1. Taking only pairs six or more apart or across chains, which ones have beta-carbon atoms under 7 Å, a first residue in the range A:74-90 that is more than 14 Å from chain B (Cβ to nearest Cβ), and a second residue that is loosely packed, with under 13 Cβ neighbours inside 10 Å and hydrophobic (A, V, I, L, M, F, W, C)?
2. Only one of these conditions is not met by residue B:70: (1) farther than 14 Å from residue B:38 by Cα; (2) at pLDDT below 95. Which number is it?
3. Quick check on residue A:47: is it facing chain B (nearest Cβ under 8 Å) and of a type in the set (Ser, Thr, Tyr)?
4. Got a number for residues in the range B:22-41 being over 22 Å from residue A:108 (Cα atoms) and in a strand (DSSP E or B)?
5. Condition first: away from chain A (no Cβ under 14 Å) and in a strand (DSSP E or B). Can you find one or more residues in the range B:42-59 that meet it?
6. Within the range B:81-97, can you find the residues that are modelled with pLDDT of 80 or more and facing chain A (nearest Cβ under 8 Å)?
7. Just one of B:100, B:78 is within 14 Å of chain A (Cβ to nearest Cβ) and more than 12 Å from the chain's Cα centre (by Cα); which is it?
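The values are calculated or read from the model by the stated rules, or taken from the named source; none is laboratory data. Treat the numbers as computed from the prediction; the structure is a model and nothing was measured. Cβ sites come from the backbone with ideal geometry, for glycine too, and all protein chains shown count toward neighbours.
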Amino acid sequence: NAGVTQTPKFRILKIGQSMTLQCTQDMNHNYMYWYRQDPGMGLKLIYYSVGAGITDKGEVPNGYNVSRSTTEDFPLRLELAAPSQTSVYFCASSYPEQHGRSSGNTIYFGEGSWLTVV
Amino acid sequence: EDKVVQSPLSLVVHEGDTVTLNCSYEVTNFRSLLWYKQEKKAPTFLFMLTSSGIEKKSGRLSSILDKKELFSILNITATQTGDSAIYLCAVGTLLSLQGAQKLVFGQGTRLTINP
């Protein structure tokens, strides 16, 4: 039962460096998301994707880029790391909402990636 | 702007007590309200609520949603030290016509259960 898998779990970056957080899911979910969680706060949406080849910005996209070339993978790229990007990053995925039903859909999270920029 | 507010932010009780955690929200395009438990790692799903007045139960935990008053509560009875965690409330709002949802999170309630 892999679910949503993120790598790396921990990383220290220097200011100005770039890196990619990897995320893969094996549940055949259409929707994938990247959130960040700052200390003592709830999670905020960075980017999301509704399917391969389709991505869009969330609440806090600045400083990040994403791509979705396959259903399974949704990497998050930091181009020029800044101290403000020190955070915990969570990848998540979900099924589409069921047609005709006024209901939500459960979102499953990866284990998180702790990133420190110094 | 979509907003989710949880209270209290922090709660310390003794083992065996009953606790009630609150979550109020103001969002457009409400789809669902979700409760998560977060220990050291990722949020773990507890409940998803979409209809008013229908209680969801799982063991000692239960939750209910009031869509008229825009709030939800999470109850934990006979608390145990293993219930110590941050409890996050999130409201799902529609992001796209394809049905993707954004979760708007509250700040969380840090619950500590003392033996």
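1. These pairs meet every condition: A:81/A:15; A:82/A:15; A:83/A:15.
2. Condition (2) is where residue B:70 drops out.
3. On the way: facing chain B (nearest Cβ under 8 Å): no; of a type in the set (Ser, Thr, Tyr): yes.
Spelling it out, it is not the case that residue A:47 is facing chain B (nearest Cβ under 8 Å) and of a type in the set (Ser, Thr, Tyr).
4. So the first thing to find is which residues in the range B:22-41 are over 22 Å from residue A:108 (Cα atoms), and the list is B:22, B:24, B:26, B:28.
Imposing the further condition that a residue be in a strand (DSSP E or B) reduces the set to B:22, B:24, B:26.
The qualifying residues number 3.
5. Yes, there is a match, as at least one residue in the range B:42-59 is away from chain A (no Cβ under 14 Å) and in a strand (DSSP E or B).
6. First pass over the range B:81-97, keeping only residues modelled with pLDDT of 80 or more: B:81-93.
Across the range B:81-97, the qualifying residues are B:88, B:90, B:92.
7. Working: B:78 fails: within 14 Å of chain A (Cβ to nearest Cβ).
After applying the criteria, what remains is B:100.
Let's see how each residue does on (1) free of Cβ contacts under 8 Å to residues at least 24 places away in the same chain; (2) crowded, with 17+ Cβ neighbours inside 10 Å:
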{"site": "B:13", "(1), (2)": "no, no"}
{"site": "B:25", "(1), (2)": "no, yes"}
{"site": "B:35", "(1), (2)": "no, yes"}
{"site": "B:40", "(1), (2)": "yes, no"}
{"site": "B:53", "(1), (2)": "yes, no"}
{"site": "B:65", "(1), (2)": "no, yes"}
{"site": "B:76", "(1), (2)": "no, yes"}
{"site": "B:100", "(1), (2)": "yes, yes"}
